[in-house]
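A.B. asks: I'd like to ask you about the structure that follows.
The values are calculated or read from the model by the stated rules, or taken from the named source; none is laboratory data. Values in this document were obtained by computation on a predicted structure and should not be read as measured data. Cβ atoms come from the backbone with ideal geometry, glycine included; neighbour counts cover every protein chain shown. Each accessible area value is taken on the protein alone, full model and side chains, heavy atoms only, with ligands, DNA and RNA left out. Shrake-Rupley method; radii C 1.70, N 1.55, O 1.52, S 1.80 Å.
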Amino acid sequence: MAADVPGTLPVQLVEQPRLQKLKEMFISKFGSAPKFYVRAPGRVNLIGEHIDYCGYAVLPMAIEQDILIAVEPVKTQVVQLANTNSLYLDFSTSVNNIHINKTKPQWHNYFLCGLKGIQEHFGLNNPTGMNCLLDGTIPPSSGLSSSSALVCCAGLVTLRANGKTLSKVELAEICTKSERYIGTEGGGMDQSISFLAEEGTAKLIEFSPLRATDVRLPSGAVFVIANSCVEMNKAATSHYNIRVMECRLATKLLSKSKGLDWKKMLRLHDVQTKLGVSLEEMLTIVEEVLHPEPYSTEEICKCLGISLEELCSQILSQNTQDVSTFKLYQRAKHVYSEAARVLEFKKICNEAPANALQLLGELMNQSYISCREMYECSCPELDRLVDICLQFGAIGSRLTGAGWGGCTVSMVPTDKLNTFLKNVKKAYYQTDVQRLPLENNSLFATKPGRGALVFVEA
C-alpha cells in the first residue's frame with residue numbers, strides 16, 4: 001500500500017540548500033519554523049497533445065523543475081500564502097470561506113483550488129489554518145504545467161496539514177476536478193503525472209479508470225526542452241476551452257450520425273468505445289460524417305435537432321457561449337490520429353527495434369504537424385523553434401503542453417547534445433533582445449523525475 005500514497009522523506013536540511021534557504025525565509029516571514037515541506041513536479045508531455053480531455057492515453061514524464069511549499073499548520077483558521085518570488089504578492093484568507101476568482105488566474109487561486117478540492121472531498125467543517133511559503137522553479141505559462149503542479153502541491157499540503165491520507169490516484173483525480181474551479185476544462189494528464197511519476201521512466205497515463213504504466217525511453221537520445229518565451233495561460237485565454245468544446249461537439253455529431261445516444265456522449269473516446277471500432281476506422285468515420293468547413297452554431301443545432309438556447313445551456317461551457325463557428329472535422333482528425341501515435345510510441349519503446357529513435361522522431365514530427373495544421377495550437381515562434389531544433393540535429397521536435405506559446409520538446413542524439421544546445425541558443429535566443437536574458441533557464445536537457453513528495457526534517 002505504501003507505494004500507492006505519496007512518499008514522506010526524512011531529510012537533513014544541511015544537505016538540501018534549497019530547503020534550508022526556504023526554511024530561513026519562512027522563519028523571517030512568519031516568525032516560526034515550517035513543520036514539513038511538499039514538492040510537486042512539472043511535466044513535459046512527450047506525445048499525446050490535447051487528447052486527455054477526450055479520454056485518450058498520453059505519454060508524459062515529470063521534470064526536475066517543481067513547486068516546493070514550506071508549511072506550518074496553525075491554530076487560527078487562516079491560510080497565509082507567500083512566495084519567494086516578489087512578483088507574486090502575499091495573500092491570506094479564511095479557510096472556511098474559499099473564493100476562487102475565475103476572471104483573474106492569479107497564483108494564489110491555484111493554491112485555493114487544491115485546498116478546496118481536499119476540503120470538499122473530506123467535508124472538512126473545521127479545516128486547519130496554515131502558513132505557507134512557496135518556491136517555484138517551473139517557468140510560468142510555459143506549457144510545463146506550473147499551474148497544475150501548484151494545485152497538486154496545495155492538495156497534498158492540505159491533506160497532510162489536516163492529518164488525512166489518500167492514494168496518489170485519488171489525489172490526482174481530486175486535483176484534476178478542483179483545477180476546474182479556475183475555469184480550465186483540463187483532462188487530468190498534468191495532475192496524474194505530478195503524483196504518479198517515478199524516477200527514470202516516462203508513463204503511459206490512461207483514464208477511466210486512471211492508471212499509469214512505465215515506458216522505458218530508449219538509450220542514445222535525450223529529451224531537450226526549449227521555451228519559446230511566448231507565455232500562454234490556459235485559464236486566461238479562450239483557445240483552450242474552445243478546443244475542448246469543439247471536441248465535445250464533434251462527439252455529439254458523430255454519435256448522432258451513428259444512431260448513438262448523443263446526449264450522454266461527452267468525449268471522442270466514448271464514440272470509439274460504443275462503436276467498438278479501431279482508431280483507424282474512427283478516422284474513416286470522421287471523413288464520412290464531418291465536413292472540413294467550420295460549423296456555425298445554427299448548423300450544429302440543426303444537426304442535433306436542438307434550439308440555440310439548448311446548445312448554450314446544455315452543451316457549451318460558460319466561456320464559450322459567444323463563439324459563433326467551430327471546426328469539428330479538423331479537431332476530431334487530430335485527436336484520433338494523435339491517440340494512435342501515442343500507442344505506437346509506447347509500442348516502439350517496449351519493443352526497442354534498431355531504428356527506434358528514427359521511428360519515435362517521426363511520430364513526434366507527425367504529432368507536431370497535426371497540432372499545427374489540424375488543431376491550430378501552434379504560433380509563429382513555436383514553428384520557428386521547431387524548425388531550428390530539427391535543423392541542428394533533433395530527430396523529432398514538437399510543441400508540448402497546450403501550445404499557442406510555451407515550450408517545444410526535442411529528441412536529440414546524446415552525442416550531438418552539446419552542439420545542439422549551443423546552436424539553438426545562438427539561433428533562437430541570442431538573436432532576440434527580449435529572449436537573451438532568458439536563455440539560461442529556457443533550454444535544457446531533462447530526464448524523467450519522481451512524483452510529488454513530502455519532506456520532513458530528520
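A.B. asks: Would you mind finding the one in Ser442, Ser397 that is at pLDDT 95 or above and small (Gly, Ala, Ser)?
C.D. replies: Within the list Ser442, Ser397, the selection yields Ser397.
A.B. asks: Looking at (1) surrounded by 15 or more Cβ atoms within 10 Å (Cβ to Cβ); (2) in a loop (DSSP other than H, G, I, E, B), which is the only condition Val454 fails?
C.D. replies: Val454 satisfies all of (1) surrounded by 15 or more Cβ atoms within 10 Å (Cβ to Cβ); (2) in a loop (DSSP other than H, G, I, E, B) except (2).
A.B. asks: Something else now. Filter the range 386-401 down to the residues that are part of a loop (DSSP other than H, G, I, E, B) and surrounded by fewer than 24 Cβ atoms within 10 Å (Cβ to Cβ), then identify the one that is nearest to the chain's Cα centre (by Cα).
C.D. replies: Per the criteria, the residue is Ile395.
A.B. asks: Follow-up. Please work out if Lys416 is touching a helix residue (DSSP H, G or I) at 6+ places or on another chain (Cβ under 8 Å) and among the charged types (D, E, K, R). Outline the logic, then answer.
C.D. replies: Values: touching a helix residue (DSSP H, G or I) at 6+ places or on another chain (Cβ under 8 Å): no; among the charged types (D, E, K, R): yes.
No, not satisfied.
A.B. asks: How many residues, within the range 402-412, are open to solvent by 10 Å² or more (accessible area, probe 1.4 Å) and farther than 20 Å from Glu231 by Cα?
C.D. replies: 0
A.B. asks: Also: Can you name the condition, by its number, that Leu156 falls short on among (1) in a loop (DSSP other than H, G, I, E, B); (2) touching a strand residue (DSSP E or B) at 6+ places or on another chain (Cβ under 7 Å); (3) open to solvent by less than 10 Å² (accessible area, probe 1.4 Å)?
C.D. replies: (1)
A.B. asks: Something else: Taking the condition of being in contact (Cβ under 8 Å) with a residue 60 or more places away in the chain and either of a type in the set (S, T, N, Q) or outside any helix (DSSP H, G or I) (or both), how many residues in the range 402-431 meet it?
C.D. replies: 13
A.B. asks: Have a look at Leu115, Leu81 and point out the one that is crowded, with 22+ Cβ neighbours inside 10 Å and out of contact with any Cys (no Cβ under 8 Å at 6 or more places or on another chain).
C.D. replies: Criteria check complete, one pass: Leu115.
A.B. asks: Can you tell me which of (1) in contact with a strand residue (DSSP E or B) (Cβ under 9 Å, 6 or more places away or on another chain); (2) under 29 Å from Glu344 (Cα atoms) is the one Leu210 doesn't meet?
C.D. replies: Leu210 satisfies all of (1) in contact with a strand residue (DSSP E or B) (Cβ under 9 Å, 6 or more places away or on another chain); (2) under 29 Å from Glu344 (Cα atoms) except (1).
A.B. asks: If you don't mind, another one. Being open to solvent by less than 40 Å² (accessible area, probe 1.4 Å) and in a loop (DSSP other than H, G, I, E, B) is the filter here, so list the residues in the range 118-152 that pass it.
C.D. replies: Selection gives Leu124, Pro127, Thr128, Ile138, Pro139, Ser141, Ser142, Gly143, Leu144, Ser145.
A.B. asks: In addition: What number of residues in the range 332-363 are open to solvent by less than 10 Å² (accessible area, probe 1.4 Å) and within 20 Å of Glu293 (Cβ to Cβ)?
C.D. replies: The number of residues fulfilling the criteria is 4.
A.B. asks: Among what's in the range 344-386 and is in contact (Cβ under 8 Å) with a residue 60 or more places away in the chain and among the polar types (S, T, N, Q), pick the residue that is farthest from Thr400 (Cα to Cα).
C.D. replies: Applying the filter and picking the extreme gives Asn350.
A.B. asks: I would also like to ask the following. Looking only at the range 269-298, count how many residues are surrounded by fewer than 13 Cβ atoms within 10 Å (Cβ to Cβ), under 28 Å from the mean Cα position of the chain (by Cα) and under 16 Å from Leu328 (Cβ atoms).
C.D. replies: Qualifying residue count, the range 269-298: 0.
A.B. asks: Among the listed residues Ser178, Ser192, identify the single one that is in contact with a strand residue (DSSP E or B) (Cβ under 6 Å, 6 or more places away or on another chain) and assigned to a helix (DSSP H, G or I). Before you say what the answer is, go through the steps one by one.
C.D. replies: Details: Ser178 fails: in contact with a strand residue (DSSP E or B) (Cβ under 6 Å, 6 or more places away or on another chain).
Only one candidate qualifies: Ser192.
A.B. asks: Another question about this same structure. Here are some conditions: (1) open to solvent by 10 Å² or more (accessible area, probe 1.4 Å); (2) more than 29 Å from Leu360 (Cβ to Cβ); (3) touching a helix residue (DSSP H, G or I) at 6+ places or on another chain (Cβ under 9 Å). Asp190 meets all but one. Which one does it not meet?
C.D. replies: It fails just one condition, (2).
A.B. asks: Restricted to the range 92-107, and to residues that are under 18 Å from Pro73 (Cβ atoms) and not hydrophobic (A, V, I, L, M, F, W, C), which residue is least open to solvent (accessible area, probe 1.4 Å)?
C.D. replies: Result: Thr93.
A.B. asks: A further question on this structure: Among the numbered criteria (1) over 30 Å from Gln434 (Cβ atoms); (2) open to solvent by 10 Å² or more (accessible area, probe 1.4 Å), which single criterion is violated by Thr251?
C.D. replies: Answer for Thr251: the failing condition is (2).
A.B. asks: Residue by residue through the range 175-187, note down the ones that are out of contact with any Pro (no Cβ under 9 Å at 6 or more places or on another chain) and either open to solvent by less than 10 Å² (accessible area, probe 1.4 Å) or closer than 18 Å to Leu159 by Cβ (or both).
C.D. replies: Listed by number, the residues that qualify are Cys175, Thr176, Lys177, Ser178, Glu179, Tyr181.
A.B. asks: Something else: Scan the range 364-384 for residues that are closer than 20 Å to Tyr240 by Cβ, of a type in the set (A, V, I, L, M) and crowded, with 21+ Cβ neighbours inside 10 Å and jot them down.
C.D. replies: The one that is closer than 20 Å to Tyr240 by Cβ, of a type in the set (A, V, I, L, M) and crowded, with 21+ Cβ neighbours inside 10 Å: Leu382.
A.B. asks: Condition first: aromatic (Phe, Trp, Tyr) and in contact with a strand residue (DSSP E or B) (Cβ under 8 Å, 6 or more places away or on another chain). Now tell me which residues in the range 372-425 satisfy that.
C.D. replies: Result: Phe420, single match.
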